[in-house]
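Please treat every number below as a calculation from the coordinates, not as lab data. Everything numeric in this text was worked out from a predicted model, so none of it was measured. Cβ placement follows ideal geometry from the backbone for every residue including glycine, while neighbour counts extend to all protein chains displayed.
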Amino acid sequence: QVQLVESGGGLAQAGDSVRLSCVASGRPIGDAAMGWYRQAPGKQREMVARELRGAPPQYKDSVKGRFTISRDNAKHTVDLQMDNVQPEDTAVYLCNAQLQGVDYWGQGTQVTVSS
């Protein structure tokens, strides 16, 4: 089992920077694919950024150049740096770990961006 706890969400204005952090516990995440997803009201959950072992990070097109995912396996963390946030980035952001074919999710953290 992997437990994931997100932090760093809150209120922001358009153009601000927001940093989300996810701490994993229970099992080492060095072999896991780690990512951030988001879900806005009335919309499906979507991938925002994810990092697979040995491959370049993947990003949703609309966040490329604005968001950066980073992980620290020694600290069991994966962060999402969000720059120049926009109202359309408003959503609950969820941390994800994929390990041995199993998906693990955090509870999510709300990010609300006003114009």
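Per residue and in Å³, how big is the convex hull formed by the alpha-carbon atoms of the chain?
So the per-residue hull volume is 96 Å³.
Rounded to the nearest 20 Debye, what is the dipole magnitude of segment 1-61 about its Cα centre when Lys and Arg each give +1 and Asp and Glu each give -1 at the C-beta?
Roughly 120 debye, rounded to the nearest 20.
Note down the magnitude of the dipole of the chain about its Cα centre, charges +1 on Lys and Arg C-beta and -1 on Asp and Glu C-beta and zero elsewhere, to the nearest 20 debye.
My answer is approximately 160 debye.
Please find, in a Gaussian network model of the chain (springs between Cα atoms separated by less than 10 Å), the residue of 18, 78, 102 whose mean-square fluctuation is greatest.
Fluctuation is largest for 102.
R0 = 22 Å: FRET efficiency of residue 88 with residue 58, Cβ-based, nearest 0.05?
The pair residue 88/residue 58 has a calculated efficiency of 0.70.
Nearest 0.05, what FRET efficiency do residue 40 and residue 16 give at R0 = 25 Å with Cβ-Cβ as r?
The pair residue 40/residue 16 has a calculated efficiency of 0.90.
Roughly speaking, what is the stretch gain from residue 47 to residue 98, that is 0.36 nm per residue apart minus the C-alpha to C-alpha distance, in nm to one decimal?
17.1 nm
What length, rounded to one decimal in nm, is gained on full extension from residue 77 through to residue 112, with 0.36 nm per residue of separation minus their alpha-carbon distance?
Full extension of this stretch gives 10.3 nm more.
Identify, among 59, 29, 42, the residue whose Cα sits farthest towards the positive end of the charge dipole of the chain, taking +1 on the Cβ of Lys and Arg and -1 on the Cβ of Asp and Glu, with the dipole about the Cα centre.
Checked the options; the winner is 29.
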